[in-house]
Amino acid sequence: MSTVNSIEVENLRRVFTRRAPRKLPWRRNGGGKGNGPGTTGSNNGGNNRPKTTVAVDGISFGIQSGEIFGLLGPNGAGKTTTIKILCTLVNPTSGTARVAGYDIVREPAKVRGSMGTVFSGERSLYWKLTGRENLEYFAALYNVEPSKTASRIDSLLCKMDLEAKANELVERYSTGMRQRLAIARALLANPPVVLLDEPTAGLDPQSARNLRDTVRSLRDEGHTILLTTHYMAEADELCDRIAIIDHGRIIALDTPATLKAGLQEMHSLEVEVDRAPDGVLDELRSLPLVRGVESYASDNGLETWTIRVLTEDSRQTLDALLDLLRASGDRVLNMKANEPTLEDVFIALTGKSLRD
Amino acid sequence: MAKLSRWLYSQLRVIGATARKEFIIFTRYPANAVLELIEPLMWLTPLYFMGKAFSAGGHAVGFEGFTGTSDYFSFVMVGAFMSSYIAVAFWGMAYSIEGDMILGVLEPNWVTPANRVSMLLGRSIMFALLTTVQSLGVLLIGALLFNVKVSGDIFIALLIIVPMLIAILGLGLGLAGIVLAIRRAQTAIDMSNWVFSQISGMQFPVTVLPKPLMAVALALPTTYGYDAVRSVLLGTNPLLPMKQEIIILVTSAIVMCIVGRAVFYAFDRRCRRLGTLGGH
Ligand SMILES: Nc1ncnc2c1ncn2[C@@H]1O[C@H](COP(=O)(O)OP(=O)(O)OP(=O)(O)O)[C@@H](O)[C@H]1O
Ligand SMILES: [Mg+2]
């Protein structure tokens with residue numbers, strides 16, 4: 001490949017060690033709770049062995065200049081940790097990464113100067129300052145040339161559609177406006193690389209759509225963008241390439257189209273039932289040709305559940321599936337066969353759904 | 001040379017922008033701003049009456065034996081004045097880290113290419129300026145209401161405060177590093193600020209302290225700052241000749257800045273290694 005990579009990540013790994021919370025003396029002999037996935041070490045009884053979590057487990061990828069690259073994964077997959085490593089807030093336990101050609105551990109100041117970061121959540125701004133005052137403050141920190149600062153801020157406020165509210169306190173902003181202001185801040189120094197951690201989390205559908213348009217326009221202006229998300233539809237629509245990450249590992253990396261094409265011969269069945277189908281899922285998984293099964297509450301406002309079954313051939317699976325469901329007492333309310341989506345890619349790779 | 005002046009300029013800009021930001025936020029809570037400015041009066045007033053109660057014919061005789069002045073209230077007032085500068089290190093610098101963590105704005109500050117020491121300096125300089133305004137106000141009110149007679153040269157007193165303030169800023173840097181690591185530090189800051197002020201002789205001459213505590217007092221540069229300023233303003237007997245006290249202050253300013261900076265960056269690196277930055 002002739003293009004220079006703007007972000008280069010090689011075998012990055014991050015282990016967190018946290019001392020287990022000290023037990024109160026009279027609770028010493030209580031049974032310890034099981035450890036979550038990706039967790040080793042124990043905290044039973046009196047010995048206070050530290051608990052280690054492998055948040056990022058040896059990931060590698062390269063992001064070309066001018067590309068929107070998505071890290072797609074469920075909660076706790078290691079997305080935020082990866083962002084924090086790249087923006088020099090957290091050191092990797094091992095492995096290396098370069099941003100705009102600078103090593104994140106050896107040249108952190110240069111990395112910070114070539115990058116804008118948008119953190120998830122809306123608390124990252126000074127709520128007691130106006131939008132403009134926030135930008136003025138950070139412009140000095142990003143060392144924006146003084147003579148150009150005012151015009152840069154004006155143009156960013158305009159671009160992010162915040163002009164009308166520029167002189168209002170951020171505490172009076174909506175979530176979407178705060179997110180746009182955070183993006184404006186990340187762009188102050190016009191950095192080649194922009195990192196966005198869950199940029200549309202907490203936004204209403206319309207604001208989320210607008211924000212995706214904004215991200216695309218940033219790419220068109222030449223910024224290289226790394227964003228994280230746990231919405232497959234968003235990753236599918238927005239990203240040029242996607243790395244699917246789970247338990248700190250990249251389990252697939254390609255363009256959305258290629259990822260889906262890999263499943264083209266598969267069928268995705270969606271069955272709506274009248275109650276939580278916990279009991280039968282394992283039986284469904286053991287049916288021949290079934291590659292993945294997941295269930296979640298249907299988002300139709302009715303108290304129903306959706307079972308999603310990924311199978312190599314729906315014609316051979318369907319009958320057995322219905323038999324199993326009826327045998328377990330579930331009432332089948334609705335059924336669809338779909339084109340595989342990114343969600344199915346995830347189910348096929350991990351056997352579980354991206355949803356919570 | 002041009003590079004150096006550009007660097008200096010960008011540092012000053014960061015310091016200025018941070019001070020301005022802190023000031024604007026301070027004014028966004030107007031009731032608190034007013035209260036903070038008049039707060040010292042509240043706890044100084046009882047000390048005035050206490051001084052009165054211990055005096056005979058306006059002279060605290062026992063006190064005079066230790067200090068060379070019989071005016072206990074003026075002594076305490078100058079002590080309070082100086083202590084508010086110590087608070088700059090503890091609250092303006094160290095606590096501001098915790099404040100930012102609670103607000104969630106530490107991370108966006110930390111991912112900018114700006115020098116972290118400059119960011120911390122900006123915060124404390126705003127507090128130091130406010131403190132100066134506050135102290136001058138207290139002195140003025142003291143002169144009007146409580147008969148405080150400042151005989152010496154305020155300008156020289158302010159000159160002595162400069163190296164002490166620099167030493168304190170060095171201390172503040174080190175403390176800021178510690179807060180970065182332990183995160184919940186409000187109570188620790190409150191306690192150590194109080195102990196530091198008291199042992200430096202905020203309300204009494206350190207010569208009344210028992211030997212071990214006095215040794216601690218004499219190891220603190222602030223003790224000499226308090227002592228020298230009182231000597232200039234009130235004509236008290238200094239612990240050491242003035243010249244030596246000033247040498248001690250200037251030396252400790254340099255040493256504490258170097259040590260404080262090293263401590264701060266050591267903790268900053270540690271946080272990145274442990275991955276504890278941000279969150280609380
Ligand atoms: N400072 C820390 N100390 C200990 N463990 C941590 C720390 N930060 C993250 N972790 C753990 O590392 C794992 C990955 O967390 P991370 O925040 O990177 O996930 P994520 O993909 O961003 O998830 P989410 O969608 O919930 O934001 C989690 O198990 C988390 O509990
Ligand atoms: Mg996250």
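A short reminder: the numbers here are calculations on the coordinates, not readings from a lab. In this text the structure is predicted, and so the values were computed from the model without any measurement. Methodologically, a virtual Cβ is constructed for each residue, glycine included, from the backbone with ideal geometry; neighbour enumeration extends over all protein chains shown.
Between B:Leu37 and B:Arg269, the distance separating the two model label sites (each 7 Å from Cα on the Cα→Cβ line) works out to 4.4 nm.
How compact is chain A by the rule of thumb for globular proteins, expressed as Cα Rg over 2.2 N^0.38 Å? Numbers along the way, then the final one.
Numbers: Rg = 23.3 Å, N = 356, 2.2 N^0.38 = 20.5 Å.
Output field value: 1.14.
Global dimensions of the range B:129-280 from alpha-carbon coordinates: Rg and Dmax equal 17.7, 56 Å. Sites listed here are trypsin sites (Lys or Arg not before Pro) in the range B:164-267 whose DSSP assignment is loop and whose Cβ has at most 15 other Cβ atoms within 10 Å: B:Arg184.
Here's the picture: charge each Lys and Arg Cβ at +1 and each Asp and Glu Cβ at -1 in chain A, and of A:Asn143, A:Gly222, A:Asn167 the one pushed furthest to the positive end of that dipole is A:Asn143.
Roughly speaking, what is the centre-to-centre gap between the range B:221-254 and the range B:158-204 when only Cα atoms are used, to the nearest Å? Each part's Cα centre sits 18 Å from the other's. Centre-to-centre separation between the Cα atoms of the range A:282-296 and those of the range B:43-64: 86 Å. Note on the range B:2-274: Rg/Rh from C-alpha atoms, Kirkwood Rh, equals 0.99. Note on the range A:151-302: Cα convex hull, mean projected area over all directions, 12.7 nm². Taken along its three principal axes, the alpha carbon spread of the range B:26-107 comes to 58, 26, 14 Å, from the longest extent down to the shortest. Across the alpha-carbon atoms of the range B:1-62, the computed radius of gyration and Dmax are 22.4, 65 angstrom.
Take each residue in A:135-145, count the other chain C-beta atoms within 10 Å of its C-beta, and the mean is 6.
Could you give me D for the range B:99-209, from Stokes-Einstein at 37 °C and 0.692 mPa s, where the hydrodynamic radius is the Kirkwood radius over C-alpha pairs? Units µm² s⁻¹, please. Spell out each step's value before the answer.
Numbers: Rh = 16.8 Å.
Using the Kirkwood radius from Cα pairs, D works out to 195 µm²/s.
Shielding of peptide B:267-275 by partners, expressed as the average count of other chain Cβ atoms within 10 Å per residue Cβ, is 4.
What does the charge count around B:Tyr9 come to, taking other residues whose C-beta lies under 13 Å from its C-beta (Lys +1, Arg +1, Asp -1, Glu -1)?
+2
Compactness of the range A:155-201 was expressed as the Cα radius of gyration divided by 2.2 N^0.38 Å, which yields 1.15.
If contacts are Cα pairs under 8 angstrom and at least 6 residues apart, what is the relative contact order of the range A:265-339 in percent? Show your work: numbers first, answer last.
Working: 143 pairs, mean separation 35.6, N = 75.
Here the relative contact order equals 47 percent.
Sorted by average packing, counted as other Cβ atoms within 10 angstrom per residue and highest first, what order do A:63-71, B:160-168 take? Please report the intermediate quantities before stating the final value.
Details: A:63-71: 20.8, B:160-168: 22.9.
So the order, starting with the most tightly packed, is B:160-168, A:63-71.
Computed across the range A:265-339, the Kirkwood radius stands at 12.1 Å (inverse of mean 1/r, all Cα pairs).
Each of B:Leu136 and B:Gln186 was given a label point 7 Å from its Cα along the Cα-to-Cβ line. The distance between the two points is 3.2 nm.
Among A:Arg219, A:Arg112, B:Arg270, which comes first, then next, by fewest other beta-carbon atoms within 10 Å?
Values: A:Arg219 17, A:Arg112 25, B:Arg270 14.
Going from sparsest to densest Cβ surroundings: B:Arg270, A:Arg219, A:Arg112.
Give the value in nm², to one decimal: projected area of the alpha carbon convex hull of the range B:154-211, averaged over all directions. Please list the in-between numbers first.
Working: hull surface 21.9 nm².
Taking the Cα atoms of the range B:154-211, their convex hull projects to 5.5 nm² on average.
Placing pseudo-labels 7 Å out from each Cα toward the beta carbon at A:Glu163 and B:Lys243 gives an inter-label distance of 6.8 nm. Return one number: the angle in degrees, 0 to 90 and rounded to the nearest 10, between the long axis of the Cα atoms of helix A:314-327 and the longest principal axis of the Cα atoms of chain A. Roughly 70 degrees between the two axes.
Please average, across the residues of A:108-118, the number of beta carbons from any other chain that are within 10 Å of each residue's own beta carbon, and give a whole number. Could you put the intermediate results ahead of the total?
Numbers: counts 3, 4, 1, 2, 5, 3, 1, 3, 3, 5, 1.
That works out to 3 on average.
Across all directions, the average projected area of the convex hull around the alpha carbons of the range A:176-219 is 2.9 nm².
Among B:His59, A:His267, what is the fewest-to-most ranking by other Cβ atoms within 10 Å? Don't skip to the end; give the middle numbers.
Working: B:His59 14, A:His267 21.
Ranking B:His59, A:His267 by Cβ neighbours within 10 Å, fewest first, gives B:His59, A:His267.
Rounded to whole Å and ordered largest first, report the semi-axes of the equivalent ellipsoid of the range B:6-156 derived from its Cα gyration tensor (root of 5λ).
Working: eigenvalues 292, 51, 35 Å².
Computed over the range B:6-156, the values are 38, 16, 13 Å.
Its Kirkwood hydrodynamic radius, worked out from the mean inverse distance over all distinct Cα pairs, puts the range A:93-156 at 13.8 Å.
Which value results for Rg/Rh of the range A:58-259 when Rg is the Cα radius of gyration and Rh the Kirkwood radius based on the inverse mean 1/r?
Numbers: Rg = 16.5 Å, Rh = 17.2 Å.
Radius of gyration over Kirkwood radius for the range A:58-259 works out to 0.95.
Hey, any idea what Rg/Rh is for the range A:49-113, computing Rh the Kirkwood way over Cα pairs? That ratio equals 0.98. In the range B:219-280, the C-alpha radius of gyration followed by the widest Cα-Cα span (Dmax) gives 17.9, 53 angstrom.
Take the eigenvalues of the Cα gyration tensor for the protein assembly as shown, scale each by 5, and report the square roots as semi-axes in whole Å, largest first. Could you put the intermediate results ahead of the total?
Working: eigenvalues 722, 154, 98 Å².
Working through the eigenvalues yields semi-axes of 60, 28, 22 Å.
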